[in-house]
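Have a look at the structure below, then the notes.
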Amino acid sequence: MREPLDIEKFITDWRDTGGLELANSQSFINGLCHLLGVDAPAGTLQQEGFR
């Protein structure tokens with residue numbers, strides 16, 4: 001977990017992103033993972049998407 005100032009900055013940066021949730025979702029998740037100190041989700045191979 002990051003410092004409280006990092007958390008506040010993350011919240012401030014994302015608070016007013018508006019109604020473009022789908023467009024911002026990947027950036028948000030990657031930033032949240034970084035903030036929490038965990039790996040970002042790995043991509044899915046094209047073949048795995050059809051299972």
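Just so you know, all these numbers are worked out from the coordinates, no wet-lab data involved. Owing to the predicted nature of the structure, the values given are computational and were not obtained by experimental measurement. Cβ placement follows ideal geometry from the backbone for every residue including glycine, while neighbour counts extend to all protein chains displayed.
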Residue list for the range 1-47, filter: surrounded by 11 or more Cβ atoms within 10 Å (Cβ to Cβ), of a type in the set (Ser, Thr, Tyr) and part of a helix (DSSP H, G or I)
27
Is there a residue being within 12 Å of the chain's Cα centre (by Cα) and touching a residue at least 24 places away in the same chain (Cβ under 8 Å) anywhere in the range 2-10?
yes
